[in-house]
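Report on the structure given below.
Each value in this text was obtained by applying a stated rule to the coordinates, not by laboratory testing. Note that the structure is predicted; figures quoted are calculated from it, not measured. Using ideal geometry, Cβ is built from the backbone for each residue, glycine included, and neighbour counts are taken over all protein chains shown.
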């Protein structure tokens, strides 16, 4: 474990906590894409299949349980909670995430480290995570209303992935532990997807103006 | 072929 990875995990944890708190306290999910949340629940469900078979560490298991619990409860809130669901703008959140899931599944079947169920599912979860933010970014472009909690959520998510890239570099240099190139590429693609958001987010923060994404 | 490493990252 190194500082980059620990802070990456903490940033990731913060992003889901921020989101859950927002939904739970103000009982609203305005501006949040349910499609992205469903994709994240899928990411964790397919990545943590080994939670009971391969024990890595207490930390690892606890974090997996937290990510599974938070992602599924966010989806539950947005779908079934009688008050929260009313603030979900399904007219705007129309991204067909099936068009993201299918290519990821096909790619995972073709490009993977080892053709076993668990390995293919793990690779699939990497590809889905790389594109999971797209529905949320599309929704932000459409609704233009980035309330600062949603902005913080996306920012923290991007920061976590960027920290993970530093973690992979660190591990490569120190532990001679190379992360599989699949992990590298999908992590890089994911971080790049945030790049433009980061640009506008930091600019708006610097000029202390409301965050506006270009049309 | 080396055993695929257990994915120790989240």
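Specify the angular offset, from 0 to 90 degrees and rounded to the nearest 10, of the alpha carbon long axis of helix A:181-206 from the longest principal axis of the alpha carbons in chain A.
It is inclined by approximately 30 degrees.
Per-residue mean of other chain beta-carbon atoms within 10 angstrom of the beta-carbon, peptide A:173-184?
1
At 4 °C and a viscosity of 1.567 mPa s, what translational diffusion coefficient does Stokes-Einstein give for the stretch A:67-146, taking Rh as the Kirkwood radius over Cα pairs? Give it in µm²/s as a whole number.
Using the Kirkwood radius from Cα pairs, D works out to 89 µm²/s.
Residues of A:43-52, mean number of Cβ from any other protein chain within 10 Å of their own Cβ, rounded to a whole number?
1
Can you give me the angle between helix A:117-131 and the longest principal axis of chain A, using Cα atoms only, in degrees from 0 to 90, rounded to the nearest 10?
Once rounded, one gets 40 degrees.
As I understand it, the value is the acute angle between the Cα axis of helix A:134-143 and the longest principal axis of the Cα atoms of chain A; what does it come to in degrees, rounded to 10?
The helix A:134-143 is inclined about 10 degrees to chain A.
Over the stretch A:3-110, what portion of Cα pair distances is larger than 22 Å, expressed as a whole percent?
41 percent
Could you work out the helix-only [θ] at 222 nm for chain A, with each DSSP H run of four or more residues adding -39,500 (n - 2.57) and the total divided by the number of residues, to the nearest 500 deg cm²/dmol?
The helix contribution divided over chain A gives -24000 deg cm²/dmol.
With label points built 7 Å along Cα→Cβ from the Cα atoms of residue A:166 and residue A:199, find their separation and express it in nm.
2.2 nm
I want to make sure I understand the PRE zone here: with the label point 7 angstrom from the Cα of residue A:20 toward its beta carbon, which residues in the stretch A:69-84 have backbone N atoms less than 12 Å away?
A:69-77, by backbone N distance to the label point.
First obtain the Kirkwood hydrodynamic radius of the protein assembly as shown from its Cα pairs, then insert it into the Stokes-Einstein equation at 4 °C and 1.567 mPa s, and state the resulting D in µm² per second as a whole number.
D = 71 µm²/s.
So if I take the centroid of the Cα atoms in the stretch A:136-179 and the same for the stretch A:1-48, what is the distance between those two points in Å?
Using only Cα atoms, the two centres lie 11 Å from each other.
Show me A:40-50, A:5-15 ranked by packing, highest mean number of other Cβ atoms within 10 Å first.
Ranking the peptides A:40-50, A:5-15 by packing returns A:40-50, A:5-15.
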